[in-house]
1. If you take the residues in region 300-352 that are of a type in the set (A, V, I, L, M) and surrounded by fewer than 19 Cβ atoms within 10 Å (Cβ to Cβ), which one is nearest to the ligand (Cβ to nearest atom)?
2. Out of (1) buried (at least 20 other Cβ atoms within 10 Å of the Cβ); (2) within 16 Å of the ligand (Cβ to nearest atom), what's the single condition that is false for Arg132?
3. If His13 satisfies every condition in (1) in contact with a Phe, Trp or Tyr (Cβ under 7 Å, 6 or more places away or on another chain); (2) more than 11 Å from the ligand (Cβ to nearest atom) but one, which is the exception?
4. Need pairs with beta-carbon distance below 8 Å; first residue at positive phi and within region 195-208, second open to solvent by less than 20 Å² (accessible area, probe 1.4 Å); sequence gap 6+ or separate chains.
5. Write out, first by first residue and then by second, each pair whose Cβ atoms fall under 8 Å of each other, whose residues are 6+ apart or on separate chains, and whose first residue, in region 27-41, is in contact (Cβ under 8 Å) with a residue 12 or more places away in the chain while the second is among the charged types (D, E, K, R) and crowded, with 20+ Cβ neighbours inside 10 Å.
6. Report yes if Ala378 is open to solvent by less than 10 Å² (accessible area, probe 1.4 Å), small (Gly, Ala, Ser) and touching a helix residue (DSSP H, G or I) at 6+ places or on another chain (Cβ under 8 Å), otherwise no.
7. Considering (1) touching a residue at least 24 places away in the same chain (Cβ under 8 Å); (2) over 21 Å from Leu317 (Cα atoms); (3) open to solvent by less than 20 Å² (accessible area, probe 1.4 Å), say which one Gly222 fails and leave the rest.
8. Any residue that is in contact with a Gly (Cβ under 9 Å, 6 or more places away or on another chain), touching a residue at least 60 places away in the same chain (Cβ under 8 Å) and outside any helix (DSSP H, G or I) - is there at least one of those in region 268-279?
Amino acid sequence: MGQFRWLTAGESHGKGLSMVIEGLPAGLPLTEADIEPDLVRRQGGYGRGGRMKIEKDHAEIMAGVRHGLTLGSPLALWVQNRDWVNWTVKMAVEPVSPEVEIERVTRMRPGHADLPGALKYGFEDVRNVLERASARETAARVAVGAVAKRLLAEFGVVFHSHTVAIAGVQANIPGVIDWDAVEADPVRCADRASGEAMVNAINAAKPDGDTVGGIVEVRVEGVPMGLGSHVHWDRKLDGRIAQAIVSINAFKGVEFGAGFDGANRRGSKVHDVILPRDKWEGLPWRHATNNHGGIEGGMSTGEAIVVRAAVKPIPTLAHPLPSVDLDTGEEVLAHYERSDVCVVPAAGVVAEAMLAIVLADAWLEKFGGDTLAGVRAAYDWHLASLQPRKG
Ligand code: EPS
């Protein structure tokens, strides 16, 4: 743990987002073009608000790469906020003259960080909380996640995500998913008819000034058996993934494989039979099914890692809920600026990024080395070791 270390900084309407990653091996091919596609994917999805028309996220590599290869030194990234030009006074870094009146936010939004954040940090202006609590920060996570994916791509690890539900509309998930169709779908749904119904649900919420949440699923192929560990609680791969996923803004739940549904079945209908060697295809030690979602005993099994997560409706409502004023404690309507009706399609991309970060960390813990060649040698040795013990 802590092999792939990273930090983000940045306020939603500040100058931009800064990221530092420490622990990448030297010699990994990396360019800004490797990060771009996920930033574009995160900005899309039906139901976003006006902000996404302003931003055009691009991650600039400020340090850690020379001539297209990582140096083993910290990688520094920068994503500019295009909206900053509209906030230079309200979000000025330097003190502003007392003559300039800065309108404070005091009408706290239920469901946001406003109330506990303002009280905990002693603020009189809720903006000091909401700027950092904003999901703008997920752009930083996606940039870091794209770097993690670039490392894992060297070993054939592939990430996908899709929308399983929006506003209670459940997707009819096909047995084999056409991932290009998911990327082309306005809500990133694997079934067009279900996606259409989801779009209708978003359209129905908008005139009511309301928001909608949903469920996303991430599938990761190509992770070998043996990442994570059974020996201690904080080394368990599923525990680490759960923490990372639930740390994403508005995420309220996570499940692996059969998840909550598995809790209602008998054991014989949940546990995945281990297949004998004459049935292994490609990988060693295959299972007949994947209800375990690719992780058993806190370790990857070699099957696809399948994680689903619940995303609550975002709390900034155009028709605000009743709330309380920070100054007076009296009832008021909650603050409203501008917001999204639905962020579920983008949430899948963010969940992919967090999963990639945890897997890159676990990868470097198991196969770590100062150079990409060293990581590859440890990986190759591990794969070769995954054989029946006798014969
Ligand atoms: C957000 C509110 C909206 C979103 C924002 C998250 O921003 P604004 O307040 O500028 O309208 O668009 O998301 C992003 C900026 C982004 O890049 O995803 C919030 O309050 O959480």
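1. Per the stated criteria, the residue is Ala318.
2. (1)
3. Going through the list (1) in contact with a Phe, Trp or Tyr (Cβ under 7 Å, 6 or more places away or on another chain); (2) more than 11 Å from the ligand (Cβ to nearest atom), His13 breaks only (2).
4. If the second residue must be open to solvent by less than 20 Å² (accessible area, probe 1.4 Å), no pairs are left.
5. Hits for this filter: Asp38/Lys149; Asp38/Glu352; Leu39/Asp57; Val40/Asp57.
6. no
7. Exception for Gly222: condition (3).
8. no
The values are calculated or read from the model by the stated rules, or taken from the named source; none is laboratory data. Keep in mind that this is a model prediction, so the values were computed, not measured. Every residue, glycine among them, receives a Cβ derived from its backbone with ideal geometry; neighbour counts consider all protein chains shown. We work out accessible area using only protein heavy atoms, side chains counted, and drop any ligands, DNA or RNA first. Shrake-Rupley method; radii C 1.70, N 1.55, O 1.52, S 1.80 Å.
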